[in-house]
Amino acid sequence: DKDAMAGRYRDRNGQIIMQGNEEKILRAKKSLFDPSLVHRLGWSMDGKSQDYDLHRCLLDFALEQRNDFEDELVELMNQYHIKSEGEVVTGCVLEYHKLHQRKRYDASEQVKMRFRAIVRRYRDEFLTAVFHVVQGNIAYFGGEATALSSEDIFVEDVSVEELDRIEDALADLTSQSTIARVASRIAALYYMASYSPELHREGDRTVLFSFPWVVTSDVIHLGLQLKLNGKN
C-alpha cells in the first residue's frame, strides 16, 4: 500500500489522487525506480560513447512526451473533476461532478474516448521515434545530435502504413529485429522519465505513473523477453 500511494493522498472514496507531498513523492520514486529494468531493456548512457548525443536527445524526447501526455491527462481529469489517475486509465469513474451526473453514461464514454485518443496519439509518436532511430534520421530529434552526420535526413511525417509495419513487428514476441531493440530502448527512457526521482519536475506535487505502461507496456514486455532469451 505504501508503494501504491507513492507519496500521494487519498480522496474520500479511498482513491489515490494525483497530488501529494513532493518530499514523499521523491522518496517513493527512489524506492520504486528500478535501474536494472532500464538496463535489461537495453538502455545505457556512456559519456564516452559516440551515441551519447543521440541518447541525450532521446532522453529529452521521452521527457517531453511524458510532460505533454501528463498535461493532457490532467486537463481531461480536471474537465470531468476526476481526481484519480486510475479511474481514467481503467475507465471506471466512481463519482462524477454534479454537472455531469445527469449524463453519467455519456460522460463516461467521453472520458474513455478522449483517453483512448490520447494514448493512440502518443503511441504513434513513439512509433515515429522508433522509425527515425532505425532509419538514422537523427535530425528529427534536434539538439546537438543533428551535427553527427551530414547525411542525416529530416523527415517529420511518417506514413500510416509505415507505423502499422512497425506495430506489426512489435507484435512478434520472438522478434530479434532492429525495430524491436530500438523500441525497447526508447520504452526504457519512457519508464525513466516517469519513475526516476532525478527526472521529477522540481516543485511538482502532481505525480502520474501511467505514461510508460499505457503507451509501451507491450514493448517493455518484449524487451524483457528478448533480454531473458539473450537476444538483445
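The values are calculated or read from the model by the stated rules, or taken from the named source; none is laboratory data. Values in this document were obtained by computation on a predicted structure and should not be read as measured data. All Cβ positions, glycine included, derive from the backbone under ideal geometry; neighbour counts span all protein chains shown. These area figures cover heavy atoms from the full protein model, side chains too; ligands, DNA and RNA do not enter into them. Shrake-Rupley method; radii C 1.70, N 1.55, O 1.52, S 1.80 Å.
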- Can you find a residue in the range 155-163 that is modelled with pLDDT under 85 and crowded, with 16+ Cβ neighbours inside 10 Å? no
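Condition first: assigned to a helix (DSSP H, G or I) and within 8 Å of the chain's Cα centre (by Cα). Now tell me which residues in the range 190-227 satisfy that. Walk me through how you get there before you give the answer.
Pass one, the range 190-227, residues assigned to a helix (DSSP H, G or I): 190-195, 197-199, 211-227.
Y190, Y191, A193, S194, F211, P212, W213, V214, V215, T216 - these are the residues of the range 190-227 that are assigned to a helix (DSSP H, G or I) and within 8 Å of the chain's Cα centre (by Cα).
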- Query: For the range 168-189, which residues satisfy the criterion of being crowded, with 21+ Cβ neighbours inside 10 Å and either in a loop (DSSP other than H, G, I, E, B) or of a type in the set (S, T, N, Q) (or both)?
  - Reply: S184
- Task: May I ask you to list the residues in the range 11-43 that are at pLDDT below 80, open to solvent by 30 Å² or more (accessible area, probe 1.4 Å) and assigned to a strand (DSSP E or B)?
- Result: I16
- Selection from the range 197-209 of residues in contact (Cβ under 8 Å) with a residue 12 or more places away in the chain and open to solvent by 10 Å² or more (accessible area, probe 1.4 Å) yields P197, L199, H200, R201, G203, D204, R205, T206, F209
- Task: Could you please tell me which pairs satisfy a Cβ distance under 7 Å, a separation of 6+ or placement on different chains, a first residue in the range 175-189 that is farther than 12 Å from L58 by Cβ, and a second residue that is assigned to a loop (DSSP other than H, G, I, E, B) and open to solvent by 10 Å² or more (accessible area, probe 1.4 Å)?
- Result: Q176/K231; R181/G42; R181/N232; S184/G42; S184/N232
- Message: Contact list please: Cβ distance under 7 Å, first residue in the range 44-62 and modelled with pLDDT under 75, second residue part of a helix (DSSP H, G or I) and open to solvent by less than 70 Å² (accessible area, probe 1.4 Å), pairs at least six apart or on different chains.
- Response: M45/H55
- Of the conditions (1) of a type in the set (D, E, K, R); (2) at pLDDT below 80; (3) crowded, with 17+ Cβ neighbours inside 10 Å, E70 fails just one. Which one is it? (2)
